[in-house]
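Chemist: Shown below is the structure under consideration.
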Amino acid sequence: MAQQTGIIPLVGTLNGINFYYLNGKPIARRAGGGFNGKAIKTKASMQRVRENANEFGHCSAVNKAFRSALVPFYKGYTFTHFHSRLMGLFTRLKALDTTHKRGERCVADGIGQEQGLQLLQQFNYTPACLVRQVLPFEFRVSNTDLALSIADFDIEKVGFVEGATHIALMYGVLDFDFNSLVYEMHMATTLVLDRFYAGSTLTLEPNTLPSGLGTTLCVLGVRFYQEVDGALYVLNAKDSVGIVVLKCL
């Protein structure tokens with residue numbers, strides 16, 4: 001690789017030389033080298049590349065389905081680096097799979113390991129809006145109807161973001177098959193509370209119950225609103241939407 005000199009820097013390929021810009025500087029280097037599709041598919045030395053590609057593709061598919069399942073909690077909002085952070089989670093889960101050989105390891109078998117459900121539950125889904133800090137209360141999920149209850153609730157302790165007049169609590173039970181990527185989300189009726197809410201106990205009960213497709217995740221989300229002339233408007237600040245997994249079964 002060499003830096004171009006001359007009055008007019010070139011861009012493109014000429015006589016086997018690639019001309020391009022790198023960090024704002026005109027660069028020239030010999031064309032070719034690297035990997036081509038045939039080599040990656042057939043060369044023994046490319047075996048690790050093939051294995052990594054297979055597992056990456058699998059984790060990417062899981063990521064896409066999982067993000068789609070969580071859409072009710074953040075519809076209309078865009079998280080920064082949400083895709084890449086979840087890829088990190090599913091890559092770690094895949095690495096827990098001790099059943100399959102490298103290149104065929106899968107997220108579902110990783111979740112089946114002792115640490116799998118812990119990783120899924122303890123992962124920090126929305127670092128800019130930590131639900132357990134916004135709602136510093138004890139969460140209880142019933143083992144029978146999977147209803148969520150919050151005792152000793154005090155609106156004064158809720159961590160409202162700047163400009164917010166209301167907070168919405170969204171609760172759902174996600175039934176997710178990490179093998180087939182089929183899922184069902186069973187949502188409770190959303191609770192919208194203003195800063196003057198006087199109740200001390202909250203209960204959110206899913207309208208339907210999971211049928212046993214796969215892993216069950218009890219998910220709580222928060223979203224902040226601002227009231228203007230009697231109407232509620234969604235806040236889109238980076239700390240205005242939060243998601244946490246309370247329990248995995």
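Chemist: Which of the residues that make up the stretch 187-224 are in contact (Cβ under 8 Å) with a residue 40 or more places away in the chain, open to solvent by 60 Å² or more (accessible area, probe 1.4 Å) and not in a strand (DSSP E or B)?
Modeler: If the condition is that a residue be in contact (Cβ under 8 Å) with a residue 40 or more places away in the chain, open to solvent by 60 Å² or more (accessible area, probe 1.4 Å) and not in a strand (DSSP E or B), then Arg195, Phe196, Tyr197, Ala198, Ser200, Thr201, Glu205, Leu209 are the ones that fit.
Chemist: Output the residue which, of all residues in the stretch 131-181 that are polar (S, T, N, Q) and open to solvent by less than 50 Å² (accessible area, probe 1.4 Å), is farthest from Gly199 (Cα to Cα).
Modeler: Quick first cut of the stretch 131-181, residues polar (S, T, N, Q) only: 133, 142-144, 149, 165, 179-180.
Right, trim to open to solvent by less than 50 Å² (accessible area, probe 1.4 Å) and you get 142, 149, 165.
Working: Ser142: 21, Ser149: 13, Thr165: 17 Å.
It comes out as Ser142.
Chemist: I would also like to ask the following. Going by the conditions given, is Lys75 open to solvent by 20 Å² or more (accessible area, probe 1.4 Å), under 23 Å from Tyr171 (Cβ atoms) and without any contact (Cβ under 8 Å) to a residue 40 or more places away in the chain? Working first, answer last.
Modeler: Working: open to solvent by 20 Å² or more (accessible area, probe 1.4 Å): yes; under 23 Å from Tyr171 (Cβ atoms): yes; without any contact (Cβ under 8 Å) to a residue 40 or more places away in the chain: yes.
So Lys75 passes the test.
Chemist: Any idea which residue in the stretch 133-161 is farthest from Thr80 (Cα to Cα), counting only those that are in contact (Cβ under 8 Å) with a residue 40 or more places away in the chain and out of contact with any Leu (no Cβ under 9 Å at 6 or more places or on another chain)?
Modeler: Pass one, the stretch 133-161, residues in contact (Cβ under 8 Å) with a residue 40 or more places away in the chain: 134-135, 139, 141, 145-155, 160-161.
Filter once more, keeping what is out of contact with any Leu (no Cβ under 9 Å at 6 or more places or on another chain): 134, 152, 154, 160.
Working: Val134: 20, Asp152: 33, Asp154: 31, Phe160: 21 Å.
Filtering the stretch 133-161 for residues that are in contact (Cβ under 8 Å) with a residue 40 or more places away in the chain and out of contact with any Leu (no Cβ under 9 Å at 6 or more places or on another chain), the one farthest from Thr80 (Cα to Cα) comes out as Asp152.
Chemist: For the stretch 45-96, how many residues meet the condition of being polar (S, T, N, Q) and closer than 21 Å to Ala128 by Cα?
Modeler: 5
Chemist: Next up: In the stretch 225-241, which residues are open to solvent by 40 Å² or more (accessible area, probe 1.4 Å) and not aromatic (Phe, Trp, Tyr)? Break it down stepwise before answering.
Modeler: Looking only at the stretch 225-241, we keep the residues that are open to solvent by 40 Å² or more (accessible area, probe 1.4 Å), and these are 225-230, 232-234, 236-239.
Matches in the stretch 225-241: Gln226, Glu227, Val228, Asp229, Gly230, Leu232, Val234, Asn236, Ala237, Lys238, Asp239.
Chemist: For the subset of the stretch 30-68 comprising residues that are in contact with a strand residue (DSSP E or B) (Cβ under 8 Å, 6 or more places away or on another chain) and at pLDDT below 85, which member is farthest from Asp177 (Cα to Cα)?
Modeler: Only one residue fits best here, namely Arg30.
Chemist: So Asp97 clears everything in (1) open to solvent by 80 Å² or more (accessible area, probe 1.4 Å); (2) assigned to a loop (DSSP other than H, G, I, E, B); (3) over 25 Å from Leu169 (Cβ atoms) except one condition, right? Which one?
Modeler: Of everything listed in (1) open to solvent by 80 Å² or more (accessible area, probe 1.4 Å); (2) assigned to a loop (DSSP other than H, G, I, E, B); (3) over 25 Å from Leu169 (Cβ atoms), Asp97 misses just condition (1).
Chemist: For Gln113, only one of the following conditions fails: (1) in contact with a Ser or Thr (Cβ under 9 Å, 6 or more places away or on another chain); (2) open to solvent by 10 Å² or more (accessible area, probe 1.4 Å); (3) at pLDDT 95 or above. What is its number?
Modeler: Unmet for Gln113, out of (1) in contact with a Ser or Thr (Cβ under 9 Å, 6 or more places away or on another chain); (2) open to solvent by 10 Å² or more (accessible area, probe 1.4 Å); (3) at pLDDT 95 or above: (3).
The values are calculated or read from the model by the stated rules, or taken from the named source; none is laboratory data. If you're wondering where the values come from, they're calculated on a predicted model, not measured in any experiment. Methodologically, a virtual Cβ is constructed for each residue, glycine included, from the backbone with ideal geometry; neighbour enumeration extends over all protein chains shown. Surface accessibility is based on the protein's heavy atoms, side chains included, excluding ligands, DNA and RNA. Shrake-Rupley method; radii C 1.70, N 1.55, O 1.52, S 1.80 Å.
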